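Visitor: One structure coming up, written as structure tokens, with questions to follow.
The values are calculated or read from the model by the stated rules, or taken from the named source; none is laboratory data. Worth saying up front: this structure is predicted, and the values here are computed from it rather than measured. Because the Cβ atoms are built from the backbone with ideal geometry, glycine has one as well, and the counts that use them run over all protein chains shown. Just the protein is used for accessible areas: all its heavy atoms, side chains included, with ligands, DNA and RNA removed. Shrake-Rupley method; radii C 1.70, N 1.55, O 1.52, S 1.80 Å.
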Amino acid sequence: MKRILLIVGGGIAAYKSAELIRLLRKRGHAVRCVLTEGGSHFVTPMTLAALSEDKVYTTLWDLTDEAEMGHIQLSRQADLIVVCPVTADLMARMAAGVADDLATTLLLATDTPVLAAPAMNVRMWTHAATVRNVAQLRGDGITVLEPDEGAMACGEYGPGRLPEPVAIAEAIDRALGVSDRLAGRHVLVTAGPTHEPIDPVRYLANRSSGKQGFAIAGALAALGARVTLVAGPVMLPTPAGVDRVDVETAREMAGAVEAALPADVAVMVAAVADWHVAVAVQKVKKGAMPPVLTLAENPDILATLASAANRPPLVIGFAAETERVIEHAAAKRLRKKADWIVANDVSGDVMGGDANTVHIVREGGVESWERLPKATVATRLADAIADALET
Ligand code: C5P
């Protein structure tokens, strides 16, 4: 059992801290809460006390507690301090070393590791002052999680949403060094598109943001796996604890996958281009006649891996489908000799977005996960993989 001191900051996302407490308790941790003045406008001490089964601390000037325990004790008794949600204002005060309430005072008076989960309006998150404060806090050794991207309570869209509670719980376990369900396992993940050059300035590609694959790599690392992420060209930060190999073309991706073996699990999320341009040419000049491209087939990385002599014991493929999703995915599973196919219904707004509906097609049947954030799909899949390896 680990002891977590949870500081609940102000903001509409504060209600999600209730779910976080529930998840942390389920994982066997003890949670003690500090509610800021701002936070108390969104959740009540009663809610937090009931869920944590402990007293909730709200003020620096509570003489009884100062005498009995004091704010320094409060933070020193914890294995980890979690600030969830952390607002732009609270981050600014933390970055500046301000100590003008119970939360900031005990954050200043401790050397216990701190993890903060931000939630705020997208403009606040991308404001130069917040960017500076986040960099300062990270430089000070505080783990500031990346917020999720999506529709916000204020009606805007972008990064700034609180990460899903299950993803925060995973990050907490990782910070505590207690998530080891996949310790000692090597997992290989491919993600993103591939780019197949037509000439030095143009390329063929599939539509893929790489978000789902990167989230899966991060979720697997959070369970203690050694993760090799073979990434096509995408502009995404490398998830914590993941070894990343950047590639451009399908043939490079195939080579990087082979070089990363042996692995216990392979999760092939990349949207690999099916063809490359057969003849590499100099830059094609605009002329009267449009050029004719001669294409040649790319290697099927998933099918090759699933039939290889050193095949990972669990091979998982993805399938983006627009109709008869499960039927097509089941056929693909047999054709490519994958153990599982995660079928994506891409008839909606999945591409580049944050939500995903997937169907896990296995030998025994199908399990459907409807409209979940990609981060949640990732943590659920990582859990399912851990379950499969344990049986
Ligand atoms: O055949 P399709 O492209 O729909 O199959 C998708 C699955 O196969 C994904 O897991 C993808 O990563 C993998 N794939 C691959 N190499 C290719 C094409 C697809 O690994 N050349």
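Every residue, every condition in (1) of a type in the set (A, V, I, L, M); (2) under 30 Å from Met253 (Cα atoms); (3) modelled with pLDDT of 90 or more; (4) assigned by TED's automatic domain parsing to the domain that holds Thr294, yes or no:
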residue	(1), (2), (3), (4)
Tyr157	no, no, no, no
Arg161	no, no, yes, no
Glu164	no, no, yes, no
Ala191	yes, yes, yes, yes
Phe214	no, yes, yes, yes
Arg226	no, yes, yes, yes
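Visitor: Now, a different point. Among the residues of the stretch 12-19, is there at least one that is exposed (fewer than 15 other Cβ atoms within 10 Å of the Cβ) and among the aliphatic types (A, V, I, L, M)?
Guide: no
Visitor: A further question follows. Which count do you get for residues in the stretch 20-37 that are open to solvent by less than 10 Å² (accessible area, probe 1.4 Å) and more than 16 Å from Pro118 (Cα to Cα)?
Guide: Qualifying residue count, the stretch 20-37: 5.
Visitor: Going by what's in this entry, would Ile326 be described as more than 18 Å from the chain's Cα centre (by Cα) and under 26 Å from Val257 (Cα atoms)?
Guide: No; evaluated as a whole, the condition is false for this residue.
Visitor: Quick one: which strands (runs of 3 or more DSSP E) lie wholly within the stretch 159-231 and hold at least 3 residues that are among the β-branched types (Val, Ile, Thr)?
Guide: Counting at least 3 such residues, we get 186-191, 226-231.
Visitor: Within the stretch 178-214, work out how many residues are surrounded by fewer than 21 Cβ atoms within 10 Å (Cβ to Cβ) and over 17 Å from Ala382 (Cβ atoms).
Guide: Matching residues across the stretch 178-214 total 13.
Visitor: Another one. Scan the stretch 296-321 for residues that are within 13 Å of the ligand (Cβ to nearest atom) and open to solvent by 80 Å² or more (accessible area, probe 1.4 Å) and jot them down.
Guide: Matches in the stretch 296-321: Glu297, Thr304.
Visitor: Could you pull out the residue among Thr110, Thr105, Thr59 that is among the polar types (S, T, N, Q) and more than 28 Å from Gly177 (Cβ to Cβ)?
Guide: Thr59
Visitor: Sticking with this one: Only one of Ala382, Ala343 is in contact (Cβ under 8 Å) with a residue 60 or more places away in the chain and under 26 Å from Pro239 (Cβ atoms); which?
Guide: From the options Ala382, Ala343, the qualifying one is Ala382.
Visitor: Note down all Cβ pairs under 6 Å where the first residue falls in the stretch 255-270 and is β-branched (Val, Ile, Thr), the second is more than 12 Å from the ligand (Cβ to nearest atom) and assigned to a loop (DSSP other than H, G, I, E, B), and they're at least six residues apart or on different chains.
Guide: Qualifying pairs under 6 Å: Val265/Pro312.
Visitor: Give the stretch 357-375 a look and list any residue that's surrounded by 22 or more Cβ atoms within 10 Å (Cβ to Cβ) and either at pLDDT 80 or above or assigned by TED's automatic domain parsing to the domain that holds Pro159 (or both), or say none.
Guide: Listed by number, the residues that qualify are Val358, Val361, Lys374.
Visitor: A further question on this structure: Give the residue, chosen from Ala271, Ala278, that is of a type in the set (A, V, I, L, M) and within 14 Å of the ligand (Cβ to nearest atom).
Guide: Sole residue among the options that is of a type in the set (A, V, I, L, M) and within 14 Å of the ligand (Cβ to nearest atom): Ala271.
Visitor: May I pose another question? Is at least one residue of the stretch 215-226 closer than 20 Å to Glu146 by Cβ, more than 14 Å from the ligand (Cβ to nearest atom) and either of a type in the set (Lys, Arg) or surrounded by fewer than 19 Cβ atoms within 10 Å (Cβ to Cβ) (or both)?
Guide: Within the stretch 215-226, not a single residue is closer than 20 Å to Glu146 by Cβ, more than 14 Å from the ligand (Cβ to nearest atom) and either of a type in the set (Lys, Arg) or surrounded by fewer than 19 Cβ atoms within 10 Å (Cβ to Cβ) (or both).
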